[in-house]
Each structure stands twice: as structure tokens, then as C-alpha cells.
Amino acid sequence: MPAFYIQAMQIPESTLARPTRPDPRAFIQLLKPITWFPPMWAFGCGVVSSGVSPAQMPWAIVAGVLLAGPMVCGASQIVNDWFDRHVDAINEPDRPIPSGRVPGRIGLYYAIIWSLLCLLLAATLGAVVFWATVLGLVLAWAYSAPPARLKLNGWWGNAAVGFSYEGLAWVTGAAVMLGGAMPANEILILAVLYSLGAHGIMTLNDFKAIEGDLQLGVRSIPAQLGPDRAARLACVVMLVPQMTVAFLLLAWGKGAFAAAIGVGMLLQLWAMHRLLTDPKGLAPWYNGTGVTLYVLGMLVAAFAVRGLPGVGA
């Protein structure tokens, strides 16, 4: 673990501000609603890929969306803030925990209770959903909590987030619609491939914190490789899974959908060409263009597999 983190974690708890009562608004802030979209989108792709009409199981969809977004993703954010509280006391003292708006060990109890609530909700949606949730929570805690703290290394941390936010959420969406059963192999393959591609998206997200990561000793991929090499790697990591998806759709007799994925990749190549002219400056722009095309391709692939034999009820 980087020396800065070790030193920060040795800061006495008494140095953190402590008001007399918790601020209810801070508990919502800890859930970070802005982060819920990726897993909820992947869950929606899972729902589509199942081939089951949403009208057949509306309440299961509502429960699944809550599980993927506010519950599991929210739990990961609480866990992250708790184990980053000492670092945040230096860099972001207005965060809910270091500011004292969530005082004492309440943040830890909140993370534990919220995680248990995730499991209770998942248990009502079938065995596959439950075990996917267990794995998602294990990755969430391992991402932030010592001794693992996967977030300190971009290779492991990005993989954990990609599989949690994309793959597991996709599988959960399909399993919910299938009454808790394991989705077809085609669905599982798509979930894994788009999870791998999400590793590149996470690399681009780390461009905004290169200087801080270098100072703190966080081995994000841009900090390890530099902006240019990291951007090229991210582009390759995003493109290869999509190319694989397109070839698989062709093999499965879904040529029109494969062509749509191909058009999306061509547009991404144009955006990537521009990104590589100034990776650090244009990473936010690419997140709004190329990444949007990537997630739209996920939905295209989800519609493609719903008509395959053996997929759906």
C-alpha cells in the first residue's frame, strides 16, 4: 500500500469533525446517485436480452433496477467513502464522513447494513441473482477495503468495477426475467465481453486524477503508463470485445445487428483518432461520445440475442 495511504489511515479519528447529530442528506450523498446509471443500463440490457416481455414481470424489473443501482452500486460507494475517509479528510474535507455529517463509525455501520439489505432483496429474486449480488459485494469491498484495496492498482481495480457494473448487472437483469434461472450462454458471453471493454472506459475515467494518483502512489493505468500509452491501451481494450461481439453475431445469424455494431465501432474509431491527439484534455469529451456509442452497442447486442434459439423463456 502506498506510503501516503498508510500515513493518512494513521490520522486519529479525533481529527475528523463530529457534529452532535448526523445529517440525513449526507446519507443520500454517500450513495452517489450519479454513479447508478452504468449498472442500471447494463441491467436493462440483461432484461432485453432475456427475450421475456417486461410486461410479464414489471415488479421484478423494478426490484432489479433498485438492486443494481441504489442498492449494490450505492453500497460500493458507501464502502469506498468509509475506507477513504482519512485521505478525504486531506483532499476533500467536505465529504460526508470527514466533515462529520456522518459521524463516528456510522459510515461503517451504514455500509454493512446496506450490503445486508442488498442480499435480502437479491434473495427474493432467485439463486442466480443472489450469488451475482454476493460476488458484486465482495468485489465492492475488495475494491476499497484493506488489505486488498484493488483501487490502488488500475489493472485489478478497473477489472473489478467493469465486471460489477457491466457483467454482473447484465446477468442479473436476464436472470430476473427468467425467474432466477441461469441465462443462456450467449447472454453470458456478451456480459463478459462488455465487462472486458469497460476496463478501457475506467482507464479513461482515471485521466482526470493523474496528478493526484502520482502524488498518492495510486497505480492507475494512466499513472503507470502515461497519458498517450494509456489512451492507446484503453482504445484497444474497448474495441477488441466489440469486434468479437460483431463476429459472434454474424456467426449466430444476426448480420444486421453485427453491421450496426460495426457502424458504432467506425464512429468510435473516428472519436478515438481525435482522443489520441490530446488524451488528457479530450478524455471527458470521449466519455460523452465514444462511450455513449459503446453502451448503445450493448443494447443493440441485447436485442440481437433475444431472438436466438434457447434464449428466453
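The values are calculated or read from the model by the stated rules, or taken from the named source; none is laboratory data. Every value quoted in this text rests on a predicted model; they were computed, and no experiment measured them. FYI the Cβ positions are ideal-geometry reconstructions off the backbone, even for glycines, and counts take in every protein chain you see.
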Only residues that are of a type outside the set (A, V, I, L, M, F, W, C), farther than 21 Å from E186 by Cα and surrounded by fewer than 22 Cβ atoms within 10 Å (Cβ to Cβ): list them for the range 280-313, please. K280, G281, P284, N287, G288, T289, T292
Out of curiosity, is Y165 of a type in the set (F, W, Y), surrounded by fewer than 18 Cβ atoms within 10 Å (Cβ to Cβ), closer than 21 Å to K32 by Cα and assigned by TED's automatic domain parsing to the domain that holds P24? no
Sole miss for L204 among (1) assigned by TED's automatic domain parsing to the domain that holds G74; (2) of a type in the set (A, V, I, L, M, F, W, C); (3) buried (at least 18 other Cβ atoms within 10 Å of the Cβ) is condition (1)
Residue under question is G157, and the condition is that it be of a type outside the set (K, R), assigned by TED's automatic domain parsing to the domain that holds M57, farther than 28 Å from A127 by Cβ and crowded, with 24+ Cβ neighbours inside 10 Å; does it hold? yes
Under the condition of being polar (S, T, N, Q) and outside any helix (DSSP H, G or I), which residue from the range 91-132 is surrounded by the fewest Cβ atoms within 10 Å (Cβ to Cβ)? T124
State the number of residues belonging to the range 101-142 that are under 23 Å from N185 (Cβ atoms) and not small (G, A, S). 9
